[in-house]
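This report concerns only the one structure given below.
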Amino acid sequence: MKKVITILFVAALLVASSRQAIALEPGQTADKPFVELFENVVPATMTGNVFKLVGEDFMLITSGTEADFNTMTAGWGGWGVLFNAPTTWCMLRANRYTLEYIRNTKTYTLTFFEDEYNDQVLHFGMASGRNSDKMKTHRLTAVTTPLGNIAYKEASLIIECELVQLTTIQPGDFYTEEAKAFVASGYEEAKDYHKLVFGKITNVWRKK
Ligand SMILES: Cc1cc2nc3c(=O)[nH]c(=O)nc-3n(C[C@H](O)[C@H](O)[C@H](O)COP(=O)(O)O)c2cc1C
């Protein structure tokens with residue numbers, strides 16, 4: 001009996017120490033340092049078409065800290081030059097749980113993936129992290145960037161953003177019928193209007 005207890009104790013210690021060994025440090029993944037997986041590119045040399053990247057392949061928006069973060073799928077957004085800086089924008093319905101993380105940390109990442117990860121990209125759009133276990137049941141590997149933002153190791157492109165403006169759209173500001181319908185449908189679900197989120201691009205990372 002004593003021998004069994006000793007074996008169980010040693011096994012528990014081994015499990016605990018192996019957990020400690022894979023705890024992620026900022027800029028590290030479980031296996032390789034972040035900068036060995038991704039190379040930093042300046043926004044002016046970014047490749048890829050935004051209509052395909054965002055509009056067809058979709059992206060993930062992730063915000064929070066290593067201890068607590070949330071991810072959602074997004075298909076509305078883009079980037080360009082605003083506020084005299086390389087800037088991204090996304091449009092989120094007011095009830096998205098990810099918005100709470102963006103408001104709290106004031107940073108977030110946009111991540112883009114090759115086709116083989118399509119099911120994973122869609123996974124984060126099927127339910128809210130507020131009342132589902134989607135953050136525990138995905139198959140991607142969270143990584144922390146050198147700035148401390150959360151992204152995914154499987155991404156082919158990561159854009160790190162610092163929140164610049166989070167604003168509520170006003171229905172009276174829309175002129176086309178399509179846009180008016182879009183705004184109205186967002187209100188129906190959230191009982192509030194969409195939030196436009198602008199972020200200054202702090203880093204762009206491309207898979208090595
Ligand atoms: C392909 C796809 C694209 C989506 N695009 C957006 C979007 O741009 N903005 C938005 O607010 N919701 C979008 N959604 C819905 C959110 O991803 C979904 O409501 C998600 O559950 C929100 O997660 P959260 O509450 O954990 O933040 C999209 C969903 C899918 C499947």
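Taken together, the values in this text are just the output of simple stated rules run on the coordinates, not laboratory data. This is a predicted model, so every value here is computed, not measured. Cβ atoms come from the backbone with ideal geometry, glycine included; neighbour counts cover every protein chain shown.
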Problem - Charge sum, other residues only, whose C-beta stays under 12 Å from residue 185's C-beta, Lys/Arg counted +1 and Asp/Glu -1 - result: -1
Problem - Spin-label pair residue 31/residue 66, simplified geometry with 7 Å Cα→Cβ offset, distance in nm - result: 1.9 nm
Problem - Cross-link partners of residue 52 among lysines (Cα-Cα below 24 Å; sequence separation of 8 or more within a chain) - result: 153, 195, 200, 207, 208
Problem - Cα centroid separation - region 71-102 against region 168-203, whole Å - result: 11 Å
Practice task
Measure off 7 Å from each Cα along the Cα-to-Cβ vector at residue 128 and residue 50, then give the distance between these two points in nanometres to one decimal.
Solution key: 2.9 nm
Problem - Those GluC sites (Glu not before Pro) in region 61-134 that DSSP places in a loop and that have at most 14 other beta carbons within 10 Å - result: 114
Completion exercise
Per GNM of the chain with C-alpha springs under 10 angstrom, the most fluctuating residue out of 126, 91, 59 is 126
Exercise for the section: Mind ranking 51-57, 80-86 by how tightly packed they are, going by the mean number of other C-beta atoms within 10 angstrom, highest first? Expected result: 51-57, 80-86
Problem - Relative contact order for region 24-207, counting Cα pairs under 8 Å that sit 6 or more residues apart, in percent - result: 30 percent
Problem - Value at 222 nm in deg cm²/dmol, rounded to 500, when DSSP H runs of n ≥ 4 in the chain each add -39,500 (n - 2.57) - result: -8000 deg cm²/dmol
Completion exercise
Per the charge dipole of the chain (beta-carbon charges, Lys/Arg positive, Asp/Glu negative, Cα centre), the residue among 202, 67, 80 reaching farthest to the positive end is 67
Problem - Label zone at residue 147 (point 7 Å along Cα-to-Cβ), backbone N below 20 Å, region 188-208 - result: 196-208
Practice task
Pull out a ≥ b ≥ c, the square roots of the eigenvalues of the alpha-carbon gyration tensor of the chain, then state rounded if a/c is under 1.5, prolate if not and a/b is larger than b/c, and oblate in the remaining case.
Solution key: prolate
Problem - Radius 11 Å from Cβ of residue 162, net charge of other residues (Lys, Arg +1; Asp, Glu -1) - result: +1
Exercise for the section: With r as the distance between the Cβ atoms of residue 41 and residue 165 and R0 = 25 Å, compute the FRET efficiency 1/(1 + (r/R0)^6) and round to 0.05. Expected result: 0.50
Completion exercise
Under the 7 Å Cα-to-Cβ spin-label approximation, residue 115 and residue 178 lie apart by a distance in nanometres of 2.6 nm
